[in-house]
Amino acid sequence: MTRAAQERDPGNTADRRSKGAVLGRVSQREAVEDFASFVSPGKVAVYRSLGFEAVPGRREGVYVWDLEGRRYVNCRSSGGVFNLGHRPPRVTAALKEALEELDVGDHMLMSELRGRLARRLAELTPGDIRYSFFVPSGGEAIDLAIKLARGYTGRPGVVSAEKGYHGHTGFALSAGEQRFSRHFEPLMPGFSKVPFGDADALERVVGPQTAAVVLETIQATAGVIVPPPDYLPRVREICDRAGAVLILDEIQAGLGRTGRLWACEEWNVVPDILVLGKGMSGGVYPMSAVCFRPHLDRFFREHPFVHLSSFAGSDLGCVCSLAMLEQTTEPGFLEHVREMGARFEQGFADLCRRHPDLTAGWRGRGLMLAFEMARDDFGPMMTYALAQFGVIAVFSDFRPRAMQIMPPLIIRDHEVEEVLEAMDKALTLVGRLVEAGFTPPPVP
Ligand SMILES: Cc1ncc(COP(=O)(O)O)c(C=O)c1O
């Protein structure tokens, strides 16, 4: 606890503490002060400019309550971390039980749990994908995928897509948009970018020096961009012809988000490396995975200890991932995702009819959806307005007019209705703000 927090009214603090073991020791206002004073004044300034100063407190299922007790439906889900909702009972129970016996384990030694999880992924991932290497974050997983492609091919080139997002670590940052990398140049050499969805452009740059093509199967941060039907099959052919490794980043799109277990199944494309993260462990443990086809393992056989990371493939994380996979692969789970996605799409059609001047359609698959506003500056206004009506949803970083609607996959009918009603009210509020001549401050 900070000194500032200790100096606050002790009676009150004790009273709040009695409500829970961890949360509620300070008021929301005090939590914001602590965050601004000791974590990040810059971030607090942005939250304030968006009119969103809620500090998440209690959380359960699709809901998050702020420290003042206001309830929100979480349609951000941290990009898929909360695919199974907040604190999914099965995963938290598995973790609690595991804590009686396990710790993170030693990443340099073998692990029963890592073997079991990798075996399950080999059964579930498409084609002949077989081996899995686990690391804590998505960025590290992308880094490792690129290392494997370079190590295996002995080539330097990495081609990715404009407006792609793969994380903020070294190779991942170099593969992503300039917006996040420009302060850190020079970046890794050998990286180039082409427009997403344009196979001809890709064909022009992929050649004998290309180690890997790295793409999100569906671009998330670009505004939920679904590629044209022949794109990924052609990308596969281009990589095969050039001997380049195809890396598909399904950190957001995988694990059921699109209504299929893997987004790439829609195009019947098997990547050489499938990268998973976010929802990998039910939102209670950091876990990501690099799943790859057998031929690539030649490199790791020659260099078995070439990528080391103390928390890689933690035993506790593996327990969570196994519980997550059990739930995600249960009969009916993916049908439910598709049904809820269709319900949202019907609702979006109504909203577009009711608010034609503010909206411009929607797109996506399953519960990976973007609701398109008519102008870029409407996106931040919609984020603000939705928060007023109890929904957390964000505009896309690289296309602010595209509101990402990514609720937990376990969302139920009445909760979808709650979100759609809030969207209707929020659009009315945005309309009023526009009429009043309000323009939101630019988001850095
Ligand atoms: C598609 C995609 N790839 C990679 C990452 C990076 O994952 P992490 O934040 O766990 O490093 C993200 C994170 O948002 C992502 O959306």
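Scanning the stretch 296-323 for residues that are in a helix (DSSP H, G or I), in contact with a helix residue (DSSP H, G or I) (Cβ under 6 Å, 6 or more places away or on another chain) and not small (Gly, Ala, Ser) turns up Leu296, Phe299, Asp315, Leu316, Cys318, Val319, Cys320, Leu322.
Okay, residues lined up against (1) of a type outside the set (A, V, I, L, M); (2) free of Cβ contacts under 8 Å to residues at least 12 places away in the same chain:
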position: Leu109; (1), (2): no, yes
position: Pro126; (1), (2): yes, no
position: Ala141; (1), (2): no, no
position: Ala175; (1), (2): no, no
position: His183; (1), (2): yes, yes
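For the stretch 354-411, a residue qualifies if it is buried (at least 24 other Cβ atoms within 10 Å of the Cβ), of a type in the set (A, V, I, L, M) and part of a loop (DSSP other than H, G, I, E, B), and the qualifying residues are Leu367, Ala393, Met406, Leu409, Ile411.
Gly127 meets the conditions (1) in a helix (DSSP H, G or I); (2) more than 16 Å from the ligand (Cβ to nearest atom); (3) more than 17 Å from Met280 (Cα to Cα) in every case but one. The failed one is (1). Pairs linking a residue in the stretch 75-91 that is at positive phi to a residue that is part of a loop (DSSP other than H, G, I, E, B) and away from the ligand (no atom under 13 Å from the Cβ), with Cβ atoms under 6 Å and 6 or more positions apart or on different chains, are Ser77/Pro408; Gly85/Val62; Gly85/Pro408; Gly85/Ile410. Candidates in the stretch 255-278 are the residues that are in contact with an Asp or Glu (Cβ under 8 Å, 6 or more places away or on another chain) and assigned to a helix (DSSP H, G or I); of these, the one that is nearest to the ligand (Cβ to nearest atom) is Ala263.
Here the condition is being more than 16 Å from the ligand (Cβ to nearest atom) and among the polar types (S, T, N, Q); of Ser310, Ser321, Ser288, Ser314, it holds for Ser310 alone.
Taking Thr153 as the residue in question, decide whether it is surrounded by fewer than 21 Cβ atoms within 10 Å (Cβ to Cβ), more than 27 Å from Thr221 (Cβ to Cβ) and among the β-branched types (Val, Ile, Thr). For Thr153, the condition - surrounded by fewer than 21 Cβ atoms within 10 Å (Cβ to Cβ), more than 27 Å from Thr221 (Cβ to Cβ) and among the β-branched types (Val, Ile, Thr) - is met.
Here's a check for you: in the stretch 266-319, which residue that is acidic (Asp, Glu) and within 15 Å of Ile247 (Cα to Cα) is surrounded by the most Cβ atoms within 10 Å (Cβ to Cβ)? Filtering first and then ranking leaves Asp272. Answer yes or no as to whether Leu308 is touching a Pro at 6+ places or on another chain (Cβ under 8 Å) and either among the hydroxyl-bearing types (Ser, Thr, Tyr) or in contact (Cβ under 8 Å) with a residue 60 or more places away in the chain (or both). Considered against the rule, which asks whether it is touching a Pro at 6+ places or on another chain (Cβ under 8 Å) and either among the hydroxyl-bearing types (Ser, Thr, Tyr) or in contact (Cβ under 8 Å) with a residue 60 or more places away in the chain (or both), Leu308 comes out as no. For residues that are surrounded by 19 or more Cβ atoms within 10 Å (Cβ to Cβ) and aromatic (Phe, Trp, Tyr), scanning just the stretch 119-147, find the one that is farthest from Ala244 (Cα to Cα). Ranking the candidates gives Phe134 first.
Number of residues in the stretch 221-251 that are in contact with a strand residue (DSSP E or B) (Cβ under 7 Å, 6 or more places away or on another chain) and within 23 Å of Leu148 (Cβ to Cβ) equals 12.
When restricted to residues that are within 20 Å of Gly223 (Cβ to Cβ) and touching a strand residue (DSSP E or B) at 6+ places or on another chain (Cβ under 9 Å), the stretch 252-268 contains 9. Return a yes/no flag: does the stretch 208-222 have any residue that is out of contact with any Pro (no Cβ under 9 Å at 6 or more places or on another chain), free of Cβ contacts under 8 Å to residues at least 24 places away in the same chain and on the phi < 0 side of the Ramachandran plot. No: zero hits.
Yes/no per residue for (1) at pLDDT below 95; (2) over 20 Å from Arg241 (Cα atoms); (3) touching a Leu at 6+ places or on another chain (Cβ under 6 Å):
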{"residue": "Arg179", "(1), (2), (3)": "yes, yes, no"}
{"residue": "Glu185", "(1), (2), (3)": "yes, yes, no"}
{"residue": "Ser192", "(1), (2), (3)": "no, no, no"}
{"residue": "Ala201", "(1), (2), (3)": "no, no, no"}
{"residue": "Val205", "(1), (2), (3)": "no, no, no"}
{"residue": "Ile218", "(1), (2), (3)": "no, yes, no"}
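Please enumerate the residues belonging to the stretch 324-353 that are assigned to a loop (DSSP other than H, G, I, E, B) and either more than 16 Å from Thr258 (Cβ to Cβ) or without any contact (Cβ under 8 Å) to a residue 40 or more places away in the chain (or both). The answer is Glu330, Pro331, Gly332. Screening Lys147 against (1) of a type in the set (Lys, Arg); (2) within 16 Å of the ligand (Cβ to nearest atom); (3) under 22 Å from Leu334 (Cα atoms) leaves a single unmet condition, (3).
The values are calculated or read from the model by the stated rules, or taken from the named source; none is laboratory data. None of these values were measured; they are calculated from a predicted model. Because the Cβ atoms are built from the backbone with ideal geometry, glycine has one as well, and the counts that use them run over all protein chains shown.
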